1. For Rg and Dmax of the Cα atoms in Å, pick the label among [x] 28.6, 90; [y] 15.6, 45; [z] 16.9, 57 that corresponds to the value derived from the coordinates.
2. Peptides 178-184, 140-146, 60-66: what's the order by average Cβ count within 10 Å, highest mean first?
3. Between residue 67 and residue 15, what's the calculated FRET efficiency when r is the beta-carbon distance and R0 is 22 Å? Round to 0.05.
4. Counting only DSSP beta bridges with both residues in the chain, what percent are antiparallel, rounded to the nearest 5?
5. Counting alpha carbon pairs within less than 8 Å and at least 6 residues apart, what relative contact order, in whole percent, applies to segment 2-187?
6. Nearest 500 deg cm²/dmol is fine: what mean residue ellipticity at 222 nm does the chain get from its DSSP H runs of n ≥ 4 alone, each adding -39,500 (n - 2.57), divided by its residue count?
């Protein structure tokens with residue numbers, strides 16, 4: 001309930017203040033799990049993608065965000081789950097696979113905020129190989145200008161999110177090759 005309220009409220013606020021535009025919502029499956037892979041240039045990206053997505057998604061966030069009990073309380077209700085960054089955390093992999101056995105999962109293959117498309121983690125390719133669920137690419141525009149890394153207050157600007165299916169993924173490919181195809185799709189939206 002909190003998730004639905006917050007995503008609807010975010011969409012309204014983004015529309016009023018940032019001319020929020022969404023394209024490609026029709027590509028989402030009506031039921032079942034999927035991987036939603038997006039670029040990540042701003043702290044606004046998880047909010048923008050969740051608000052634009054027609055279905056509830058879970059996402060993985062850095063563990064440090066959960067250290068505050070109040071923040072952790074809300075993050076869990078907003079479908080965020082903690083992950084240890086920079087380590088081969090088997091618990092995080094199990095968690096992602098568990099989520100994908102029933103629900104959609106939003107991932108940011110860049111790992112951390114960056115406007116560049118030259119450094120990605122291959123976890124999205126690994127998860128696809130293990131689950132073979134559909135993959136949807138998302139490209140967020142404008143958030144890096146509105147709330148760039150290090151900024152405390154938003155600036156004026158426009159936000160748009162574009163979705164499209166990632167086709168032609170072969171589970172026999174390496175996880176790096178699969179990740180590269182997903183990243184290419186995100187970059188070309």
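1. So the structure-derived entry is [y].
2. Details: 178-184: 19.6, 140-146: 21.3, 60-66: 15.4.
Descending mean neighbour count gives 140-146, 178-184, 60-66.
3. Details: r = 32 Å, r/R0 = 1.48.
Calculated transfer efficiency: 0.10.
4. Details: 6 of 22 bridges.
That works out to approximately 25 percent antiparallel.
5. Numbers: 322 pairs, mean separation 59.4, N = 186.
It rounds to 32 percent for segment 2-187.
6. Numbers: 7 runs with 71 residues, N = 189.
Counting only the DSSP helices, I get -11000 deg cm²/dmol.
Here, each number is a calculation from the coordinates, and none is a lab measurement. The structure presented is a predicted model; accordingly, all values stated were derived computationally and were not measured. No Cβ is skipped: glycine too gets one built from the backbone with ideal geometry, and neighbour counts run over all protein chains shown.
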